[in-house]
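J.: Right, I'll just put the structure down here and ask away after.
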Amino acid sequence: MRNFEDDPTLEDLLTSDQLQRLNRTLSALCHEPVEIGNEQKPDAVALEFNLETVGWLSGGSSEQERLAATELVSFLMMFIAKYRLAANLHHDTTEASHAELQKQNEALKASEARYRTLSDQLQEKVDEQVAVIKQAQMDLYESARLRSVGQLAAGVAHEINNPIGFISSNLKVAGDYVNDLRELIPDTDQNRELLDDFTDLIGESSDGARRIASIVSDLKTFSSIDQADYTQCDVNELLSSAIHLLQTEYGHDLAIIEKPGKLPGISGHPSRLSQTFYNLLDNAAQALKSREQGTESGRILVRTSVEKDGIQVVIQDNGCGIADSIRERIFDAFFTSRPVGSGTGLGLTVARDTVRAHRGTIQIDSREGAGTRATLFLPIS
């Protein structure tokens, strides 16, 4: 809309339709037709607005009629100008209000974006704290479980060690008595057969007693009874104890190939390292049970070596492998692919956290149907 602060023209004040209607009305009021236009005719009278000539009025029967008609048109143009001025003012005010509303809207959007960012940051912090709480709960659970295992092993060691000592000592004495009896009783076929059977029975009983003592020793190593939390560890010895425990669990039916390297001692937590090795070995044994029967026999390879500034432990099997659909979840707490009641789903989670606590790394490589390889790296210093 044109601003009336500028000098208006006739077209600014009256539209062509309004001008035609005004011409008809003035002609009806006068005795002769009247015409308003921009052309100055001989008998035309100037139409003025704000002391400026905006057009000319011609026609009518006399000059008096033209002057009267001119006065009427000037009067009408004054009110038209006032209306246009009010319309301009309303338009300007509306535009200013719209601009202010837009400015406030942009400020509101910016404020909303800031609050959304703060909300997202707060949610991230909440998620982080929830993860910390979950991890603390898992650590407490694992600590309690380790204490339970330690108490169990301590009870087993206390209750079994002394009787096994008596049995082993008595069997040794019984073996000496059998040798004495050979010299005292008549040397007949029946006596020799009886004494030989008795010697074999004593030998088998002694082997059984030694096996029980070995299991108790492995349990003590596994649970670190009477050891500080962190001490000097022999990784090969811890692996050997875990293997003996696993063999006992599976009735000595597992084919486990041990290839220990010459390793330095490392500072660590024997109980947790032993548990980590046992969990990985138990997973390998379970994989062998679940593998499809084929020409190749199931076996587990355990190899240790020094790599760079650390010890590398490899536990590899040719079992069923891990399915692609669950491979990304194997370290998730309480996730297990075993049947309900067959596992807690914490084996690999505990193994990962234990290795991390020793500033090491663990990597699981697997192919479904081909087997799995677990590679642990524990820094020496």
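The values are calculated or read from the model by the stated rules, or taken from the named source; none is laboratory data. Keep in mind the model is a prediction, meaning the values are calculated, not measured. Virtual Cβ from ideal backbone geometry, glycine too; neighbours counted across all protein chains shown. Side chains are part of the model used for accessible areas, which takes the heavy atoms of the whole protein and leaves out ligands, DNA and RNA. Shrake-Rupley method; radii C 1.70, N 1.55, O 1.52, S 1.80 Å.
J.: Would you mind computing, in nm to one decimal, how far apart the modelled labels at Ser297 and Asp200 are, each placed 7 Å from Cα along Cα→Cβ?
T.: 2.6 nm
J.: Mind listing the phi-derived Karplus ³J(HN,Hα) values for the stretch 321-326, rounded to whole Hz, using 6.51, -1.76 and 1.60 with θ = phi - 60°, and x for any glycine or proline?
T.: Couplings: x, 10, 5, 4, 5, 10 Hz.
J.: Mean shadow of the stretch 228-275, computed from the convex hull of its alpha carbons, in nm²?
T.: Working: hull surface 14.4 nm².
Answer in nm², one decimal: 3.6.
J.: Right, something else. Probe radius 1.4 Å, ligands and nucleic acids ignored: give me the carbon and sulfur share of the accessible area of the stretch 49-111 as a rounded percent. Could the numbers behind the result be given before it?
T.: On the way: 2670 of 4330 Å².
Summing carbon and sulfur atoms, their accessible area is 62 percent of the total for the stretch 49-111.
J.: Along each of the three principal axes of the Cα atoms of the stretch 1-70, give the extent in whole Å, ordering the values from largest to smallest.
T.: Cα extents, longest axis first: 38, 23, 18 Å.
J.: So which trypsin sites (Lys or Arg not before Pro) in the stretch 1-95 are both in a DSSP loop and have at most 16 other Cβ atoms within 10 Å of their Cβ? Display every interim value, and only then the final one.
T.: Details: sites: Arg2, Arg21, Arg24, Arg66, Lys82, Arg84; in loops: Arg2.
The qualifying sites are Arg2.
J.: Grab the beta carbon distance between Ile257 and Asp234, set R0 = 22 Å, and tell me the FRET efficiency rounded to 0.05.
T.: Numbers: r = 20 Å, r/R0 = 0.90.
Once the sixth-power term is evaluated, E becomes 0.65.
J.: Tell me the relative contact order for the stretch 1-128 as a rounded percent, counting alpha carbon contacts under 8 Å between residues six or more apart.
T.: Values: 101 pairs, mean separation 23.9, N = 128.
Once divided by the residue count of the stretch 1-128, the mean separation gives 19 percent.
J.: Here is a follow-up. Run the simple label-point estimate for Gln64 and Leu76 please: 7 Å along Cα→C-beta, distance reported in nm.
T.: 2.2 nm
J.: Please list, in chain and number order, the residues 5+ apart from Gly310 or on another chain whose amide H is under 5 Å from its amide H, with Hs placed from the backbone.
T.: Placed amide hydrogens put Ile380 under 5 Å from Gly310.
J.: How much of the pair distance distribution for the stretch 44-127 lies past 15 Å, counting alpha-carbon pairs only, in percent? If you can, show how the numbers build up before the last one.
T.: Details: 2578 of 3486 pairs.
When every Cα pair of the stretch 44-127 is considered, 74 percent fall beyond 15 Å.
J.: Pulled fully out, how much extra length does the chain show between Phe166 and Thr117, if you take 0.36 nm times their separation in residues and subtract their Cα-Cα distance?
T.: Details: separation 49, 0.36 × 49 = 17.64 nm, distance 7.30 nm.
Stretched fully, the Phe166-Thr117 segment lengthens by 10.3 nm.
J.: Okay, next question. Would you please give the FRET efficiency between Met138 and Lys103, computed as 1/(1 + (r/R0)^6) with r the Cβ-Cβ distance and R0 = 56 Å, to the nearest 0.05?
T.: Values: r = 53 Å, r/R0 = 0.94.
Working from the Cβ atoms, E equals 0.60.
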